[in-house]
Amino acid sequence: MALRLLSRQGMALRRFAVVGAVLLASGLTWLGVFRLASTVRSVAHELDRAGAVQITPRPQTTVAFDRAGREAFTFFVEQRIDVPLEQMSPRLIDAVISVEDRR
């Protein structure tokens, strides 16, 4: 009789543990789903705002000319020259892409 009582208590304890584990796993799963949905919503909101970003031209070299229209001097913080993609070496383009791919 005492053995049956102990086995019933053990069985109830096992059921309680299984139900608790299932509820815990379910709760953690729903928490993960909620966090994922929140992140996706946040990223989508940021992408909507990305269309409003203005790309301003970078400062170039300033060239000063003399009275005769000849170049007298240049000054700059950073010397930048715009070059169309078609005029760039294919090897330079491949090098930049390979460096970026490693990151």
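Within region 24-76, the residues that satisfy the criterion of being over 34 Å from the mean Cα position of the chain (by Cα) and charged (D, E, K, R) are D66, R67, R70, E71. Among the residues of region 4-12, is any of a type in the set (S, T, N, Q), open to solvent by 100 Å² or more (accessible area, probe 1.4 Å) and part of a helix (DSSP H, G or I)? There is at least one residue in region 4-12 that is of a type in the set (S, T, N, Q), open to solvent by 100 Å² or more (accessible area, probe 1.4 Å) and part of a helix (DSSP H, G or I). Screening region 66-84 for residues that are among the acidic types (D, E) and at pLDDT 85 or above and picking the one that is most open to solvent (accessible area, probe 1.4 Å) gives E71. In a residue-by-residue description of region 87-97, the property of being of a type outside the set (S, T, Y), part of a loop (DSSP other than H, G, I, E, B) and at pLDDT below 80 applies to no position. Here region 15-65 is the region considered, the condition is being β-branched (V, I, T) and assigned to a loop (DSSP other than H, G, I, E, B), and the residue that is most open to solvent (accessible area, probe 1.4 Å) is I55.
State all residues of region 67-86 that are assigned to a loop (DSSP other than H, G, I, E, B) and farther than 22 Å from P57 by Cα; if no residue qualifies, say none.
Within region 67-86, R67, A68, G69, R70 meet the criteria.
The values are calculated or read from the model by the stated rules, or taken from the named source; none is laboratory data. All values derive from a computational prediction rather than experimental measurement. Accessible surface is based on the protein model in full, side chains and every heavy atom, while ligands, DNA and RNA are left aside. Shrake-Rupley method; radii C 1.70, N 1.55, O 1.52, S 1.80 Å.
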